[in-house]
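Read-outs: derived from the displayed coordinates by stated rules, not from any lab. Note that the coordinates shown come from a computational prediction; the quantities given were computed from them, not determined experimentally. Positions of Cβ are generated from backbone atoms using ideal geometry, with glycine treated the same way; all protein chains shown enter the neighbour counts.
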Number of protein chains: 2
Amino acid sequence: MSQNSPLKHDAGRRVSTQFLSAERVAEVINKKGLGACIAGVAAYIEEDFRRWNDFDKCARVANHSAVGVIELMPVADATTYAFKYVNGHPANYRQQLPTVMAFGVLADVASGVPLLVSELTITTAIRTAAMSAVAARALARPDSRSMALIGNGAQSEFQALAFHRLLGIETFHLFDIDAGATDKLLANLAGIGLHGKRFSDARSAVKGCDIVTTVTADKSNATILTPDMIEAGMHINGVGGDCPGKTELHADVLRMGPVFCEFEPQSRIEGDMQQMPADFPVTEIWRVLAGSVRGRHSAEQVTIYDSVGFALEDYSALRYMRDVAAELKMTETISLIPNLANPKNLFGFLAEHRGAQGQLLAALAAAA
Amino acid sequence: MSQNSPLKHDAGRRVSTQFLSAERVAEVINKKGLGACIAGVAAYIEEDFRRWNDFDKCARVANHSAVGVIELMPVADATTYAFKYVNGHPANYRQQLPTVMAFGVLADVASGVPLLVSELTITTAIRTAAMSAVAARALARPDSRSMALIGNGAQSEFQALAFHRLLGIETFHLFDIDAGATDKLLANLAGIGLHGKRFSDARSAVKGCDIVTTVTADKSNATILTPDMIEAGMHINGVGGDCPGKTELHADVLRMGPVFCEFEPQSRIEGDMQQMPADFPVTEIWRVLAGSVRGRHSAEQVTIYDSVGFALEDYSALRYMRDVAAELKMTETISLIPNLANPKNLFGFLAEHRGAQGQLLAALAAAA
């Protein structure tokens, strides 16, 4: 962290905050290549999850309303602090807005200086897909070649590309209750040379696949997958069941094989696991990535990754985007924190920025 | 909120986030006048505290390290969500950095769109002083004319100006263990026509004053004020005791009169009250502002306001700054959230922002 700190690079300002806008992140991704970015974020996630115990972790802080939720997700190690702001509003599409929008910050633990403000709407899709693929690489059968994608919304292309890039998945079986979403996904997959096939229901899409990814957006307790749809050796990547009252898997699907999650205290509240008793066994995925717990035990076993999204993934993704933007020399800055000539003279900062008109008005205000 | 929503103003973008930089906020304050801004924020704070039960409140979320703390402070009502990022690093002055740096966000509860990102380092000083003055106006003797200011750092000018503007305080008794801080405060007060007098210790500064404000930065359990220094009829405005392990008042000072706070669950952990048993009586200040509880009962009574800073004050201050920036037509925007042609086609946003070079690299990456 300290090597890339703008505190050292920018001698003219003691406090400098980098900014990555949505358009700038799109440019960075286009320059680097989306597949390369997903692989890069996956590598950063693996690196960070392997040192899980270095981090000060907590469940996210949520403000719920009738139509959605706004959450803050902080995490820190000894040198770097990160947080993400993210909403979830399933009906947003009605006013042509994304269901999920996000931005995030990296900060210096030693001084509290915010080092980077970045968009995370696009980046969250990358990190969620990267995390799914990292987990699947540790849990799915190594000979997996086909994946069902149930839910063909904003996240689906990223899941497909992550599983193609990191696991070599070649065939994607697609289903969404919105046929237009599947049209869009088919077109986007074709554009990057991936093979998608449309199915008329989830059951037929899942049939015969090595991996099943559920990434639906409906804020309700749904049962996208039932036990009779699950075949021996499948890996289930449950992405869309990610907040209280929002599930995708029938409870009995979770009893068909070992269940893995990110951060247990959060997943028991938010994941598909919210349906299970408090003592239902679950393994945090970092233990598998760090090599202390074995993932899959046999080719016949069913494995289940109950993803909800954890702050550490955003920490990793922010780190990656900062590093790539620096490498490509695409960094901008914003003035979020005042640079004070004397840190005890905040009042003096106002005087420094007083023009002729400002001085007059201030004098009038003081006299009033 | 909805009247000022950029969602309605900016027809070309469905999602638009306003940005107020540190310099822009300084310009806004200079144009409007610092005294007017403090009075304006105080009015917004009173308005919001009087409808206390409209808000979804929680204690702030803190990540502590050996040298400081980084906190997130969210709050929301039915229409508007706000949060503040703020650090506290007492040793920052050694590297010429402010002890406290902050920024914050207003967001739309109905859609989750972040509407405003603003600096809050300067604004926090304004809102803290405004909150102190709002509480003192409800608790101090109406004939108060003098105030001791113990601690002459970054916050002190704002406290002096707030008490001058909102309570008519004319004389300020100053003390700080750093004589240079008092030099700075004396010069700044003279510049705005306020009368400060230097004292050689806290005891002599406090003597004979109507109001005593403690706003020291040391992260320790200090006893700036002891019971023998407190005179009948005084109002104590304790600002600097604001996190676990950081207090300014001797425990027995808190027993000399009724104690008022912002949000009880947070103040019991962070305020000077952290020294007291869990059943020690305290009154949330909103009850006094809303008229349901009487503040001061007699001219002889000692009153104590144990301030720690609460998210709702930042909500009010962000509202005020947004409104004044709009009134002065000084609003900028940043692109924090991608504007998607189709909200389910996040992937398509990347293609829209692909230049010739980007397309080539993306094609190479896809082929790799």
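Rounded to the nearest 20 debye, the dipole size of segment A:141-310 about its Cα centre is 340 debye, using +1 on the Cβ of Lys and Arg and -1 on the Cβ of Asp and Glu.
Relative contact order of chain B: 19 percent, from C-alpha pairs under 8 Å at least 6 residues apart in sequence.
Hydrodynamic radius of the protein assembly as shown by the Kirkwood approach over all distinct alpha-carbon pairs: 27.1 Å.
Across segment A:141-310, the fraction of Cα-Cα pairs farther apart than 28 Å, rounded to a whole number, is 17%.
Mind pulling the angle between the C-alpha long axis of helix B:22-32 and the longest principal axis of chain B? Nearest 10 degrees, somewhere in 0 to 90. In chain B, helix B:22-32 runs at an angle near 60 degrees to the longest axis. Here A:I177 and A:R50 are evaluated by their C-beta separation; at R0 = 56 Å the FRET efficiency comes out at 0.90. Identify which of A:E284, A:E23, A:E46 has the largest mean-square fluctuation in a Gaussian network model of chain A, with springs joining Cα atoms closer than 10 Å. Comparing A:E284, A:E23, A:E46 in a Gaussian network model of chain A, the most mobile one is A:E23. Residues of segment A:89-103 with an amide N closer than 15 Å to a point placed 7 Å from the Cα of A:V67 along the Cα-to-Cβ direction: A:89-101. Taking other C-beta atoms within 10 Å as the exposure proxy, A:L149, B:L167 rank B:L167, A:L149 from fewest upward. Here the Karplus curve 6.51 cos²θ - 1.76 cosθ + 1.60, taken at θ = phi - 60°, turns the phi angles of segment A:79-91 into couplings of 10, 10, 10, 9, 9, 10, 9, 8, 10, x, 10, x, 8 Hz, with x standing for Gly and Pro. For segment A:28-176, the alpha carbon convex hull comes to 139 Å³ per residue, rounded to a whole number. With a ≥ b ≥ c taken as the square roots of the eigenvalues of the C-alpha gyration tensor of segment B:215-267, please select rounded if a/c is under 1.5 and otherwise prolate if a/b is larger than b/c or oblate if it is not? Cα axes put segment B:215-267 in the oblate bin. Evaluated at q = 0.11, 0.17, 0.24, 0.25 Å⁻¹, the base-10 log of the normalised Debye intensity for segment B:145-239, with identical point scatterers placed on the Cα atoms, takes the values -0.26, -0.64, -1.33, -1.44. Residues whose amide H falls under 5 Å from that of A:E284, counting only those 5 or more places apart or on a different chain, are A:C261, with hydrogens built in the peptide plane. Comparing A:Q159, A:Q275, A:Q96 in a Gaussian network model of chain A where C-alpha atoms under 10 Å apart are linked, the largest mean-square fluctuation is found at A:Q96. Relative to the longest principal axis of the C-alpha atoms of chain A, give the angle of the C-alpha long axis of helix A:34-50, reported between 0 and 90° and rounded to the nearest 10°. The helix A:34-50 is inclined about 90 degrees to chain A.
What is the fewest-to-most order of B:M147, A:M229 by other Cβ atoms lying within 10 Å of their Cβ?
Ranked by crowding around the Cβ, least crowded first: A:M229, B:M147.
When +1 charges are put on Lys and Arg Cβ atoms and -1 charges on Asp and Glu Cβ atoms, the dipole computed for the protein assembly as shown relative to its Cα centre reaches about 1140 debye.
Taking label positions 7 Å along the Cα-Cβ direction at both B:A190 and B:E264, the computed distance is 4.8 nm, reported to one decimal.
So which residue, out of A:A148, A:A251, A:A160, gets the largest mean-square fluctuation from a GNM of chain A using Cα contacts under 10 Å as springs? Highest fluctuation of the listed residues: A:A251. In order along segment B:52-57, the Karplus-derived 3J(HN,Hα) couplings, from 6.51 cos²θ - 1.76 cosθ + 1.60 at θ = phi - 60°, round to 2, 6, 6, 9, 8, 10 Hz, and Gly and Pro are given as x. Using 0.36 nm per residue and subtracting the Cα-Cα separation, the extra length available between A:A278 and A:R145 on full extension is 44.4 nm. Put simply, the amide H of B:T80, placed in the peptide plane, has neighbours under 5 Å in B:V109, leaving out anything fewer than 5 places away on its chain. Once the Cα-Cα distance is subtracted from the 0.36 nm per residue extended length, the A:H297 to A:M330 segment shows a gain of 7.4 nm. Within chain B, the longest run free of trypsin sites (Lys or Arg not before Pro) that sit in a DSSP loop with at most 14 other Cβ atoms within 10 Å is B:52-144.
The charge dipole of chain A, taken about its Cα centre with unit charges on the Cβ of Lys, Arg, Asp and Glu (plus for the first two, minus for the last two), comes to roughly 720 debye. Excluding same-chain neighbours fewer than eight residues apart, the aspartates and glutamates reachable from A:K246 by a Cα-Cα span under 19 Å are A:E71, A:D176, A:D178, A:D218, A:E262, A:E264, A:E270, A:D272, A:D306.
For chain A, the longest principal axis of the alpha carbon atoms and the long axis of helix A:121-139 meet at an angle near 40°. In this model, which of B:K84/B:K184; A:K84/B:K57; A:K84/B:K184; A:K32/A:K197 are farther than 30 Å apart at the alpha-carbon? Cα-Cα > 30 Å for A:K84/B:K184; rest within. With its label point put 7 Å out from Cα toward Cβ, B:D183 sits 7.4 nm from the same residue's point in the other copies, in order from shortest. Rounded to the nearest 0.05, the FRET efficiency derived from the C-beta distance between A:R255 and A:D218 at R0 = 35 Å is 0.90. Projected over all directions and averaged, the alpha-carbon convex hull of chain A occupies 21.9 nm².
Extent of segment A:265-325 along its three principal axes (Cα atoms, max minus min coordinate, largest first): 42, 28, 18 Å.
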